[in-house]
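Trainee: My structure is below; once you've seen it, I'll send some questions.
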Amino acid sequence: MLTRRAALTTLAGGLAAPALLSLSRADAIRPLAPAPAFSGTPAIHELTLEAKPRRVKLLGPQGPESTLWTYADEPCPTIRLRRGDRLRATLRNSLAEHTSIHWHGVRVPNEMDGVQFVTQKPVEPGESFLYDFTVPDTGTFFFHPHCNESGQVGHGLVGVLIVEGDESRPFDDELVLVARDWRLDRDGSFLPFGTDSGAARAGTFGTIRTVNGVTNFARKVPASADLRLRLLNLDATRHLDVGVEGAVALVIAIDGNPVEPFRLDSWRIGAASRLDLVLRTPKAGGKVLVRDYFPAEIHDLAVLEAEGQDRRATDFDPAPLYASSLPEADLARAETQAYVFGAASDAIASFIDTLDPDDPLSKVILDDLCTASRTFWAINKRSWPNDGHRNLPPPLARLKAGESYRFVLQNATPHPHPIHLHGHTFKVLSSSKRQIPVHHADTVLVLPKERIEIAFVATPGRWMFHCHILEHLETGMMGYFANS
């Protein structure tokens, strides 16, 4: 395979390798046109998502089966709605442990946010829970549990939610790419989803990488067409440096939020983040490579081969998406708060060592309450306690609903942290280390020793705030805000 260095100095099969310093200037991002006023009657979508074990061959058609936990017979099901539609999704729990559904990136009412012991009671084995809300924004989102995340998501419990209605001019085709690792042994059984060495550092990586559940994803696409790619990084740990070879690609949305199109060179996608692209495919027989430049050896996420008659003969000039209708923070009046992501204190880190793992009460604390067996991380020197959830710790802060806030996020560790705020879409304003465009997001990757500024308008409720490397949130890097 090509290495990172080789990609910068050679051509691979006639495909020009993109530069690794990406990110357009902030002043190149222009305002987008608002979506036209909604007309007609919003649809109501009734569906059931049954969390249960199902047998799937992840190691190839000739390989052994693995027991995944999924919401449907199709691993990683996709729900498609339109902005303003109402979703009535019944979660039926056929697992042996409690669960819930968090609708990542969707501005749902607080009671629909799906965090056990915080916004709802756990959905115990054999029970059901109805999630009922109207989707306010277009975009590329996903859903997953919020307790024992490394185990439940590690087993495969995740789905995609796409809210349509943002295209000001239709694209010729669309492709959803879900990237994630799996912790599988050769016999198809699952390896431990977390390790102390991984949790205390950059996370525990999977043994196989997949896109849409296969290890070598390839697809035929229409020739000379404007193709929309919705790329979701749903891994528990891994970050991606995404580039495209064989076609010019433009970024049109980040975390589902539209931006004025700008050329993709390479874009760092942290765990739980999404990137929408549009590219002009080549003529029939030509290939496009969607690549990850982050590892030492370049990894192909997808190989797309064009076929058929040319769809377009004009220059590549796709229309921007419609803007999202989001609350806009008043930066002149915003209250500034600082949040430092760092290591846990020795006292907190050693607390769990006093528990006997064979004691029944310890098992409740360690397992039933969605905790890990160690504490390594903290926010502002405060770690999510090992006996949290059922007995909530104090909030990180109490915010006033409707007021504007500017958060300064500082990473005081040698490892990157994708920071996610529930229930809000914030504006990423600046970075101390990178030239990034001002854009809206729900998860922002904060690199080692980096400071990121974000701004948002607070909404009422108790909202989680955490690193989305799942081992990190389970070992202390999590808190919540109590807004009223």
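Trainee: Would you mind telling me the antiparallel percentage of the DSSP bridges in the chain, rounded to 5?
Mentor: 70 percent
Trainee: Continuing with the same structure: Which of W69, H104, V56 sits closest to the plus end of the dipole of region 44-164, meaning its Cα is farthest towards the positive end, when Lys and Arg get +1 and Asp and Glu get -1 on the C-beta?
Mentor: Comparing the listed Cα positions along the dipole, V56 ranks first.
Trainee: Let me ask something else about it. Say each of K121 and R263 gets a label point 7 Å from the Cα, pointing the same way as Cα to Cβ; how far apart are those two points in nm?
Mentor: Between K121 and R263, the label points sit 5.8 nm apart.
Trainee: Quick one: if the Förster radius is 22 Å, what FRET efficiency do R201 and S345 give, using the C-beta to C-beta distance and rounding to 0.05? Provide the component values of the computation, followed by the final result.
Mentor: Details: r = 18 Å, r/R0 = 0.82.
It comes to 0.75.
Trainee: Follow-up. Express the relative contact order of region 94-210 as a whole percentage, based on alpha carbon pairs under 8 Å and six or more residues apart in sequence.
Mentor: 21 percent.
Trainee: Using alpha carbon centroids, what distance separates region 253-281 and region 212-229, in Å?
Mentor: Region 253-281 and region 212-229 have Cα centres separated by 16 Å.
Trainee: Quick one: putting +1 on the C-beta of Lys and Arg, -1 on the C-beta of Asp and Glu, what dipole do you get for the chain around its Cα centre, in Debye to the nearest 20?
Mentor: For the chain, the charge dipole is close to 940 debye.
Trainee: Could you grab the relative contact order for the chain? Cα pairs under 8 Å, six or more apart, rounded to a whole percent.
Mentor: The value is 16 percent.
Trainee: Given labels modelled 7 Å from the Cα in the Cβ direction, how far is it in nm from E74 to T41?
Mentor: 2.7 nm
Trainee: Let me ask something else. Which length gain, in nm to one decimal place, applies between K57 and A218 when the Cα-Cα distance is subtracted from 0.36 nm times their residue separation?
Mentor: Numbers: separation 161, 0.36 × 161 = 57.96 nm, distance 1.75 nm.
Difference between extended and current length: 56.2 nm.
Trainee: With an 8 Å cut-off on Cα pairs and a minimum separation of 6 or more residues, tell me the relative contact order of region 191-347 in percent. Write down the numbers at each step before the final one.
Mentor: Details: 301 pairs, mean separation 40.8, N = 157.
This gives 26 percent for region 191-347.
Trainee: OK, next. Excluding same-chain pairs closer than 8 in sequence, count the lysine pairs in the chain whose Cα atoms lie under 26 Å apart.
Mentor: 14
Trainee: Return the calculated 222 nm mean residue ellipticity for the chain, to the nearest 500 deg cm²/dmol, obtained by summing -39500 (n - 2.57) across DSSP H runs with n ≥ 4 and dividing by the residue count.
Mentor: Numbers: 6 runs with 31 residues, N = 484.
Value at 222 nm, helices only: -1500 deg cm²/dmol.
Trainee: Additional query: Compute for region 44-164: radius of gyration divided by Kirkwood radius, i.e. Rg/Rh, restricted to C-alpha atoms, rounded to two decimals. Display every interim value, and only then the final one.
Mentor: Numbers: Rg = 14.3 Å, Rh = 14.7 Å.
So for region 44-164, dividing Rg by the Kirkwood Rh gives 0.98.
Trainee: Starting from the Cα-Cα distance between L130 and L331, subtract it from 0.36 nm times their residue separation and give me the gain in nm to one decimal.
Mentor: Length gained between L130 and L331: 68.6 nm.
Trainee: Also, quick follow-up: Most exposed first by the Cβ proxy, i.e. fewest other Cβ within 10 Å, how do E167, E335 rank?
Mentor: Result, fewest neighbours first: E335, E167.
Trainee: Then there's this: Could you list the square roots of 5 times each eigenvalue of the Cα gyration tensor of the chain, that is, the equivalent ellipsoid semi-axes, sorted largest first and rounded to whole Å?
Mentor: Output for the chain: semi-axes of 34, 26, 24 Å.
Trainee: Based on the alpha-carbon gyration tensor of region 194-327 and its eigenvalue square roots a ≥ b ≥ c, which shape applies: rounded if a/c is under 1.5, prolate if not and a/b is larger than b/c, or oblate?
Mentor: oblate
The numbers here are math on the coordinates, done by the rules we state, and not lab data. The model shown is predicted, which means the values in this text are computed figures rather than measured ones. Backbone-built Cβ (ideal geometry, glycine too); neighbour counts: all protein chains shown.
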